[in-house]
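The values are calculated or read from the model by the stated rules, or taken from the named source; none is laboratory data. None of the values given here were measured: they were computed from a predicted structure. We place every Cβ from the backbone using ideal geometry, glycine too, and count neighbours over all the protein chains shown.
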Amino acid sequence: MTEAVEFTSEGATLRGLLFRPAGVADAPVVVMAHGTSATIRMVADRYAEVFHRHGLGVLLYDHRNLGSSDGEPRQEINPWIQCRGYLDAIGFVRSLDGIDPDRVALWGDSYSGGEVLVVGAVDHRLRAIVAQVPVCGATAPTLEPTAANLAAIRRSLLDGDVAGGPDVTVGPLPVVSPDQLGTPSLLEPIQAFRWFMEYGARHGSGWRNQVTRVVPATPVPFSPVLCAPFLTPPTLLMVAPEDEMVHANYDVARSAYELMPEPKEWYDIAGGHFGLLYHPSALFDEAARVQADFLQRWLSP
């Protein structure tokens, strides 16, 4: 019940996998994409399999410019463009036969974990959100999370100029490196190097150890925290108290959570930023079980 699918976003073809639960006429569906530079064969597919076994449909795809998806420049990450990809993925999956268009959830990991919070504040077609080890920022934003600031974020997301330029571009450079002095990389902790080398180096992953990150200057900056009070779907934040990644600051994620309206759930998980990305492992099983239970509860008819 798994098929290759593709849809268009920002003029490029995005590709992924559609998991359909057997014997379900109008299935709920979870839209999933991986974190910084990673691809669908680097553990996100294992989460998709768990959700599928729990009776949920899943659309899992590679972000624009990465993995099996088209888009130029290759290996470029732009949070606004990736969020537009989520919006297009939602529209695509809601149009499919056998999918209940009113029971759609979003899932994101790390960088995408912050992105799903931004999308969830703008797109009201969602029934649930799961953000694991989300990147909410190294520090809290200096702006207040007001309706006016959300409106500016919405305008940037839907039709603003988010092309960026050299002054807001980092890279190209390696995603990870064991030698930050000799070969600096975007992600510095040694835990990042170990995970990416183990999973990205596997045959068929489609991952490349190169990345360019663009965060365009917009009237209001890209910020999950500024969007948090305006989330309408039930939201699960799965956060690591010992997270090594500076932009996945535990306290900033907690501040975003405190701003979110109910219903919401907070779940602390051990293992740092990458512990729940090792499969098979007890941490993966714990994370997948908690997430699947949450999704089943809120995607029920």
Boolean, N65 is surrounded by 22 or more Cβ atoms within 10 Å (Cβ to Cβ) and on the phi > 0 side of the Ramachandran plot | yes
Could you please let me know if V170 is of a type in the set (A, V, I, L, M), modelled with pLDDT of 95 or more and surrounded by 14 or more Cβ atoms within 10 Å (Cβ to Cβ)?
-> no
Taking the residues in the stretch 9-25 that are at pLDDT 95 or above and in a loop (DSSP other than H, G, I, E, B) as candidates, determine which candidate is surrounded by the most Cβ atoms within 10 Å (Cβ to Cβ).
-> R20
Has the stretch 61-79 got at least one residue that is part of a helix (DSSP H, G or I) and at pLDDT 95 or above?
-> yes
Run down A138, A147, A192 and say which single residue is farther than 30 Å from R297 by Cα, hydrophobic (A, V, I, L, M, F, W, C) and surrounded by fewer than 18 Cβ atoms within 10 Å (Cβ to Cβ).
-> A138
How many residues are loosely packed, with under 15 Cβ neighbours inside 10 Å and either touching a residue at least 24 places away in the same chain (Cβ under 8 Å) or in contact with an Asp or Glu (Cβ under 6 Å, 6 or more places away or on another chain) (or both) if we restrict to the stretch 199-231?
-> 4
If you scan the stretch 80-114, which residues turn out to be in contact (Cβ under 8 Å) with a residue 60 or more places away in the chain, of a type in the set (D, E, K, R) and more than 13 Å from M238 (Cβ to Cβ)?
-> R84, D88, D100, R103
Among the numbered criteria (1) within 22 Å of R127 (Cα to Cα); (2) assigned to a loop (DSSP other than H, G, I, E, B); (3) in contact with a Pro (Cβ under 7 Å, 6 or more places away or on another chain), which single criterion is violated by D100?
-> (2)
Quick one: is H279 within 17 Å of the chain's Cα centre (by Cα), surrounded by fewer than 21 Cβ atoms within 10 Å (Cβ to Cβ) and either modelled with pLDDT of 95 or more or not polar (S, T, N, Q) (or both)?
-> no
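The rows are residues; the columns are (1) within 16 Å of L14 (Cβ to Cβ); (2) in contact with a strand residue (DSSP E or B) (Cβ under 6 Å, 6 or more places away or on another chain); (3) surrounded by fewer than 24 Cβ atoms within 10 Å (Cβ to Cβ); (4) of a type outside the set (S, T, N, Q).
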position	(1), (2), (3), (4)
G91	yes, no, yes, yes
A121	no, no, no, yes
I129	no, yes, no, yes
P134	no, no, no, yes
So which of E286, E262, E244 ends up being of a type outside the set (S, T, N, Q) and closer than 16 Å to L231 by Cβ?
-> E262
Determine, yes or no, whether F51 is assigned to a helix (DSSP H, G or I) and over 15 Å from the mean Cα position of the chain (by Cα).
-> yes
Please name all residue pairs, on different chains or six or more residues apart, with Cβ atoms under 8 Å, provided the first residue is in the stretch 45-67 and is in contact (Cβ under 8 Å) with a residue 40 or more places away in the chain and the second residue is of a type in the set (D, E).
-> L60/D45; R64/E10; R64/D70; N65/E72; N65/E76
Out of E6, E115, sole residue that is more than 13 Å from the chain's Cα centre (by Cα) and either at pLDDT 95 or above or surrounded by fewer than 17 Cβ atoms within 10 Å (Cβ to Cβ) (or both) | E6
